[in-house]
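A short write-up of the structure that comes next.
The values are calculated or read from the model by the stated rules, or taken from the named source; none is laboratory data. Everything numeric here is computed off the predicted structure, so don't read it as measured data. Methodologically, a virtual Cβ is constructed for each residue, glycine included, from the backbone with ideal geometry; neighbour enumeration extends over all protein chains shown. Note: areas computed on protein heavy atoms with side chains; ligands, DNA, RNA excluded. Shrake-Rupley method; radii C 1.70, N 1.55, O 1.52, S 1.80 Å.
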Amino acid sequence: MTDSHKPTEPDGSDGTPGPDVSGDGVAVEALLREAGADAAGALWRLTGTERQLDANVVRLRPGAAVAAHVEPDLDVLVLGLAGRGALRCAGVEHTLEPGALRLLPHGAERAVAAGAEGVVYLTVHRRRPGLAVRPRP
């Protein structure tokens, strides 16, 4: 099974509030427990209009994958949280497991494949600016 390189919408996309990351933040174990074993894709993301970063907690089910793709503009930091998988960046394969931290530089092809138990990981990168309509020069 292959998932798009864009994770599915997290809780909160339907108008319901997602976990609050202010103050004490979000407890990953509680997030995973509340999401349920069948939940996949982006389980959580940073919200708010004044933030400078984007962050997502992503779960891939056993055998699922994020297809190889290139992010031309943003470096992405990836941290394994639960389960096990393979993270390929610029042709080199790395194990993605709890505590594994990798920087995926912009312009490098990357892909993620979940192992037999699935994998959960955090991604963090600079927030993309919103689209703006500008007059022609």
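Per-residue surface analysis assigns Arg84 an accessible area of about 120 Å², computed on protein heavy atoms at 1.4 Å probe radius. A 1.4 Å probe run over the protein chains yields, for region 67-137, 62 Å² of accessible area per residue, whole-number rounding. A Förster radius of 22 Å, combined with the Cβ-Cβ distance separating Arg127 from Ala82, puts the computed FRET efficiency at roughly 0.30. Distance between the 7 Å Cα→Cβ label points at Arg51 and Glu71: 1.4 nm. Only Lys, Arg, Asp and Glu carry charge here, each on its Cβ (+1 for the first two, -1 for the last two); on that basis region 20-118 has a dipole of about 260 debye about its Cα centre. Sequentially through region 30-46, phi angles give Karplus couplings (6.51, -1.76, 1.60; θ = phi - 60°) of 5, 4, 5, 5, 5, 5, x, 5, 8, 5, 9, x, 6, 8, 7, 8, 5 Hz, Gly and Pro residues having no value and appearing as x. Suppose R0 equals 30 Å; then what is the FRET efficiency for Glu93 and Val26 from their Cβ-Cβ distance, rounded to the nearest 0.05? After rounding, the FRET efficiency stands at 0.55.
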